[in-house]
Each structure stands twice: as C-alpha cells, then as structure tokens.
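First up is the structure itself, then whatever we jot down about it.
The values are calculated or read from the model by the stated rules, or taken from the named source; none is laboratory data. As the structure is a prediction and not an experimental result, all values here were calculated from the model. Neighbour counts are summed over all protein chains in view; Cβ atoms, including those assigned to glycine, are modelled from backbone coordinates with ideal geometry. Heads up: the accessible areas ignore ligands, DNA and RNA and are worked out on the full protein's heavy atoms, side chains in. Shrake-Rupley method; radii C 1.70, N 1.55, O 1.52, S 1.80 Å.
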Amino acid sequence: LLVFALLTGSLAAADWKPIDPTLLTATKPKLEAAAAAETIFWDVYVHDDNAGNNYLNHIVENYVRIKLYTAQGVEQYGNIEIPYSSARRMSLIDLAARTITPAGKIIEVPSKSMTDQMVEKVGRSKVSVRSFAMPGLEPGAVIEYRWTEVYSEYVPR
C-alpha cells in the first residue's frame, strides 16, 4: 500500500510539510514589498482513479501555504471558502487547515467548525462552499490548508 501511495502521489498531502523557521520570522514579503500576505506555495497533484464501477475519478489534491504580514492580510485570510459544484459531480474531501503563529505554536482547525453552504442553485445543479475560520491569526502568522477534489465521470462499458 505504501509503494502504491508513493507512486500515485496520494501521500503528497498526507502530512503537513515542514516549515522553514526563517519563514516565521520574516517581516517583509519577497515579491511585492507592500503585500499584506504572500502565497508561499500552492501545490496541486492531479491523477485519475478507476473506481471499478463504470466511474472514473479525476482527483485533484491541493495544498496551500500563505504568510500573513499585516492586519489587512489577517482580515483577508481570516475566513477561507472553497467552492464545489454538484453539476460537475464534484465532492470535496480530506479538508484540513492550521495556523502557525510567529512563535511557532500550531493551531489546528477542528473539522466540526467547517461548514457547507449552498450559494447558488440552477435546476438540479448546486454550487456550494465549504468555509472555515482560521484561528489565532496575527501579523507574522502562516496559514496552510489542504483538500482533495474528486470529479466522478460515468464511463459506459
């Protein structure tokens, strides 16, 4: 199973990636001096999985890390929303999030605090968002979150 996971990349977001301590102490963005926040990385892994029941699953694993520099950045990233749509036979799974304070304290977002809300309905199709508040935010904090999108496609045989 471990070999399969390594070959398919499905362990890519299984654990949080290590944080460079210099990122926690950084006080200025690298790319744009006036930025309130800076995305350090957004890793995306895409692969397909034949579910074996006439469905092909297109899987997209996301992992985002953002450094907050100002109160404006804290306000901007205090609440995270991830959209998903029933029209695309999409499901959202394995969502996890956390804050790392400038002092290095890690605060996990409890899954029970993540909520789903429908934002649009057209016919039988619905667009929803899964939202959650990032805890313990202050200038200098780092936030990171990861999730997996699964798009199921019927493939007749």
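How about the range 88-108: which of its residues are farther than 30 Å from Ala33 by Cα, open to solvent by 50 Å² or more (accessible area, probe 1.4 Å) and among the aliphatic types (A, V, I, L, M)?
Passing the criteria: only Ile93.
Every residue in the range 60-78 that is closer than 22 Å to Lys126 by Cα and either assigned to a loop (DSSP other than H, G, I, E, B) or in contact with a helix residue (DSSP H, G or I) (Cβ under 7 Å, 6 or more places away or on another chain) (or both), please.
Hits for the range 60-78: nothing passes.
Let me confirm something: among Glu32, Glu38, Glu81, which residue is at pLDDT 95 or above and over 22 Å from Ala103 (Cβ atoms)?
Glu81
When you scan the range 41-59, do you find a residue that is over 23 Å from Ser152 (Cβ atoms), open to solvent by less than 60 Å² (accessible area, probe 1.4 Å), in contact (Cβ under 8 Å) with a residue 40 or more places away in the chain and part of a strand (DSSP E or B), even just one?
No, the range 41-59 has no match at all.
Within the range 104-157, which residues are among the aliphatic types (A, V, I, L, M) and either modelled with pLDDT under 95 or out of contact with any Leu (no Cβ under 8 Å at 6 or more places or on another chain) (or both)?
Listed by number, the residues that qualify are Ile106, Ile107, Val109, Met118, Val119, Val122, Val127, Val129, Ala133, Met134, Val150, Val155.
In the range 109-149, how many residues are within 24 Å of Tyr69 (Cα to Cα), of a type in the set (Asp, Glu) and surrounded by 14 or more Cβ atoms within 10 Å (Cβ to Cβ)?
Residues in the range 109-149 being within 24 Å of Tyr69 (Cα to Cα), of a type in the set (Asp, Glu) and surrounded by 14 or more Cβ atoms within 10 Å (Cβ to Cβ): 1 in total.
Being among the β-branched types (Val, Ile, Thr), surrounded by 11 or more Cβ atoms within 10 Å (Cβ to Cβ), under 30 Å from Pro21 (Cβ atoms) and within 15 Å of the chain's Cα centre (by Cα) is the requirement here; does Ile80 meet it?
yes
Please find, among Ser85, Ser152, the residue that is open to solvent by less than 50 Å² (accessible area, probe 1.4 Å), over 19 Å from the mean Cα position of the chain (by Cα) and in contact (Cβ under 8 Å) with a residue 24 or more places away in the chain.
Ser152 is the lone residue from the list that is open to solvent by less than 50 Å² (accessible area, probe 1.4 Å), over 19 Å from the mean Cα position of the chain (by Cα) and in contact (Cβ under 8 Å) with a residue 24 or more places away in the chain.
Within the range 1-29, which residues are part of a loop (DSSP other than H, G, I, E, B), open to solvent by 100 Å² or more (accessible area, probe 1.4 Å) and modelled with pLDDT under 90?
Leu1, Asp15, listed by residue number.
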